[in-house]
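J.: A single structure is presented below for examination.
The values are calculated or read from the model by the stated rules, or taken from the named source; none is laboratory data. Quick caveat: nothing in here was measured; it's all calculated off a predicted structure. Cβ placement follows ideal geometry from the backbone for every residue including glycine, while neighbour counts extend to all protein chains displayed. What goes into the accessible areas is simple: the full protein's heavy atoms, side chains included, and nothing from ligands, DNA or RNA. Shrake-Rupley method; radii C 1.70, N 1.55, O 1.52, S 1.80 Å.
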Amino acid sequence: MADTFDYIVVGAGSAGCILANRLSAGGKHTVCLLEAGPRDRSIYIHLPSGFVKNLGNPRIDWMYEADPGANTNGRRIPVPRGKTLGGSSSINGMIYNRGQRLDYDLWAQLGNHGWGYADVLPYFKRCERWVGQGDDVFRGREGPMTVEALLYTHPLADAFIAGAAELGIPRNPDYNGARQEGINYVQRTARGGRRVSTARAFLRPARSRRNLTVVTGAFATKVLFEGKKAVGVAYSQGGRGGTPKHVRANREVILSSGAVNSPQLLQLSGVGPTDLLNDLGIETVHHLPGVGENLRDHIAPRVVARVKGIQTLNEISRGPRLGWEILKYVFGAKSIVDLNPSMVYGFWHSDPAAKSNDLQFIFTPASFDPTRHGVLAEAPGCTLAAWQHRPESSGFVRSRSDDPFQKPAIQPNYLAHEADRRAVVAAMRLGRSLIHTRAMAPFIDREEQPGDDVQTDDELLDMARQTGTSTFHLMGTCRMSPITDPVAVVDDQLRVHGVHALRVVDASIMPRMMSANLAAGTMMIAEKASDLILGKPAPEPIIVPIEE
C-alpha cells in the first residue's frame, strides 16, 4: 500500500514551498512535497555571495544546458536550475523584480481570467514583507518573504547611476512600485545578511505540521493515471538506481518542477504531443501538443571594462582583504560576503518611440575570468549586462527518451526572431553608452568587451551570438491559455487541459515573458494557485490609475 495524501506537490522550489505551506495551513488537508534534491544545508546557499559556488554544483544544480542554436554560434549555454529545498530560489541571484503591469494585463487579454495586474497585485502583497520606503498601495509589509533594498554601496556603482542620469534615465526609488522605468540599487530576497529562499520563508515554518510530509532525494519519474485522472506519482528514492516508490493523491497532483522538469514529467507520463510520445515509446494518456513548447528565456550580452583609480570587488575578494571582509560580515558590518551578483538594476527603452521600457540592464563593480565560470578576473573591472524584456523567439523542452533520468532537449532558439536581434543590438549600444558617461570617465581605463573594434550593428550582433548568456529565466513550457490556443497546456485555474486532478504551478505556465526576473512572478503564481486549489475566493482587485 502506498502512502496517500490529499495533495502531492512535485518540486520544492520557488512555487512548491509556498504551496506546501498554504495547502497544509489549518491542518485540514494532508500534503506530500517531493523534492529530487537534498535539504538546503550548504552554507553557500545561505550566504548571498555564495551564488558563484551554487551554480555548477551538481548536488544542488540540475546542470542543464541549452542545445546549440543557429544564433549562438553552436554553443551549449548553461541554464542552471535549483535542485534542493527552495529550488532556484536557493541558488539564484536573489533579485526581486515583479515586472510591469502591462505583463499581467497581457496575460488577461490572452483569455486568462483573473490574471490582470489588478488581480495579481494582492497576491504580490500577500507574499512579501518589504523592508524599505514605498507606497503601501503596491507593497506588502507582513508577508513571509522578506524583500530589502541592497544596503552595500560602491563609489563605482554610484558613478554608474549618476551617469545614467546624463542619458535621461531617472533614479527610481522603487521599481516594484507604481513605475518600473529608471535605475537604482537592487531589491533582493535577503534578511540579516542571509538569503531568504522560499524554503526558509515558507517551508521552514510549516515543517512541524503533522499533515505535511517532505521527502527529499525523491526523483519523480511519472504521474500515475487511472483513465485520465491523475491519482499519484511514482518516484525513485535516491535518484537513478534508487528505490522505486509511489504516493497516491486523494484530491490532486500538482507539478511545481519548473519550466524544464514539469513538461518533461508530463511527457514521460503520457501527456504531450502524440508524435513525440510515439517516437519515445510512451503510451499516450492525452494528446496535448503544447506541452514543452513556447519556451522563452532572456539572453544577455555583456559590456566589460577595465577600471582604474578605484578598488573593485576583484581586488577586495582576494588575500588578506577577503579575510577582513569575512570578519566584517561575522560582526554584522557591511561586507562583500553579503553581496549578490548584481548591485544596480535599470530599465529603459531600445527606441525613443517605445511607450514602455523594453530593456533591462544590471551593473556590478566586478569583472569575471572568461575561461572559468564564476571566478573573478585578476585585474580590476566592471560589468554591465543588458537584455530585451519580452523576446519573440521561442523554443521547446522535449524528452529525448522514455528514461526519466536522461536530460531533455532544451532549445530556447535565442535570437531567432528579427525583433530580438534588433533589440539585443540596442541593448548593447545602451550598455556601452552607460559605461562611457562623463561620471564614469575617471574610472574607465578601456572597454574590453565588445571592444573598440566592434562598432557596426552586424558586429555587435555577432558579439551577442558569440558571448550572450542565459539569465536563467526559463518559462512558458506549460502555457496558461484557453484550449483554443494550439500550444495551451493549462487553463486559467492552472488545470491541465484534457485530464483531471492535475495542475501545474510554476514559471512554465507563464503565457508570455515578463519584463522581469521570474522569481517574484513565480511566487505570486503559487500564492494565487493555493487559493484556486482550495476554492478560496480571490481578494478584491487593487485598481490603481495608470501614470501618464
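J.: Label Ser208 and Asp6 with points 7 Å out from Cα along Cα→Cβ: what is the distance between them in nm?
T.: So the label points at Ser208 and Asp6 sit 2.1 nm apart.
J.: For region 448-492, compute Rh as the Kirkwood radius over C-alpha pairs and then the Stokes-Einstein diffusion coefficient at 25 °C and 0.890 mPa s; write the answer in µm²/s, rounded to an integer.
T.: 178 µm²/s
J.: Can you give the alpha-carbon Rg of region 133-197 over 2.2 N^0.38 Å, where N counts its residues?
T.: 1.24
J.: Any idea what log10 I(q)/I(0) is at q = 0.18 Å⁻¹ for region 452-521, Debye with uniform C-alpha scatterers and no solvent?
T.: Taking Cα atoms of region 452-521 as identical point scatterers yields -0.73.
J.: Could you check what % of the DSSP bridge pairs in the chain are antiparallel, to the nearest 5?
T.: Just about 65 percent of them are antiparallel.
J.: Which ³J(HN,Hα) values in Hz, rounded to whole numbers, follow from the phi angles of region 248-256 under the Karplus curve 6.51 cos²θ - 1.76 cosθ + 1.60, where θ = phi - 60° and Gly and Pro get x?
T.: So the J values, rounded to whole Hz, are 10, 10, 6, 10, 8, 9, 10, 8, 10.
J.: I would also like to ask the following. For the chain, report the convex hull volume of the alpha-carbon atoms normalised per residue, in Å³, without decimals.
T.: Dividing the Cα hull volume of the chain by its residues yields 145 Å³.
J.: For region 326-389, what is the convex hull (Cα atoms) projected area averaged across all directions, in square nanometres?
T.: Averaged projected hull area, Cα only: 6.3 nm².
J.: I'd like to check one number: the per residue accessible area of the chain, probe 1.4 Å, reported in Å² as a whole number.
T.: 39 Å²
J.: Can you pull the one-decimal nm distance between simple spin-label points at Arg422 and Leu327, each 7 Å off the Cα toward Cβ?
T.: Here the answer is 5.7 nm between the modelled labels.
J.: Please state the shape class of region 293-437: rounded when a/c is under 1.5, otherwise prolate if a/b exceeds b/c and oblate if not, all from the C-alpha gyration tensor.
T.: Oblate shape, in that a/c is at least 1.5 and b/c is the bigger or equal ratio.
J.: Could you work out the relative contact order of region 346-402? I mean the mean sequence separation of Cα pairs under 8 Å and 6+ apart, divided by the number of residues, in percent.
T.: This gives 29 percent for region 346-402.
J.: Would you mind calculating the gained length between Thr153 and Asp485 on full extension (0.36 nm times residue separation, minus the Cα-Cα distance), in nm to one decimal?
T.: So the extension gain works out to 114.8 nm.
J.: Right, another one. Provide the per-residue ³J(HN,Hα) series for region 57-69, in order, calculated from phi with Karplus coefficients 6.51, -1.76, 1.60 and θ = phi - 60°, each as a whole number of Hz, with x at glycine and proline positions.
T.: Along region 57-69, the couplings run 8, x, 6, 10, 10, 5, 6, 6, 9, 6, 5, x, x Hz.
J.: I need two numbers for region 1-152: Rg to one decimal and Dmax as a whole number, Cα atoms only, in Å.
T.: My reading of the Cα-based Rg and Dmax gives 18.4, 54 Å.
J.: Sorted by packing (mean other beta-carbon atoms within 10 Å per residue), highest first, where do 114-123, 403-412 land?
T.: 114-123, 403-412
J.: May I pose another question? For a paramagnetic label modelled at 7 Å from the Cα of Ile546 toward its Cβ, which residues of region 145-179 fall within the zone defined by backbone nitrogen distances under 14 Å?
T.: 179
J.: Let me check against my output: what whole-number percent is the relative contact order of the chain, with C-alpha pairs under 8 Å and at least 6 apart?
T.: Computed over the chain, the figure is 22 percent.
J.: May I pose another question? Can you give the relative contact order of region 229-301 as a percent, counting alpha carbon pairs under 8 Å and 6+ residues apart?
T.: Answer for region 229-301 is 20 percent.
J.: Semi-axes of the equivalent ellipsoid of region 13-61: what are they in whole Å, largest first, if each equals the square root of 5 times a C-alpha gyration tensor eigenvalue?
T.: Largest first, region 13-61 gives 28, 12, 8 Å.
J.: Given a Förster distance of 22 Å, report the FRET efficiency between Val215 and Val131 from their Cβ-Cβ distance, rounded to the nearest 0.05.
T.: 0.10
J.: Now a separate question. Length gain on complete extension for the stretch Leu532 to Val375, per 0.36 nm per residue less the alpha carbon to alpha carbon distance?
T.: Stretched fully, the Leu532-Val375 segment lengthens by 52.1 nm.
J.: Extending each Cα 7 Å along its Cβ direction at Ala409 and His113, get the distance between those two points in nm, one decimal.
T.: Distance between label points: 3.8 nm.
J.: Counting only Cα, what are the radius of gyration and maximum Cα-Cα distance Dmax of region 74-180, in Å?
T.: Reported Rg and Dmax, both Å: 17.0, 48.
J.: With the full set of protein chains in place, find how many percent of the accessible area of the chain is carbon and sulfur; take the probe as 1.4 Å.
T.: It is 52 percent, rounded to a whole number.
J.: Order the peptides 180-189, 263-272 from the highest to the lowest mean number of other Cβ atoms within 10 Å of their residues.
T.: Top of the packing list down: 263-272, 180-189.
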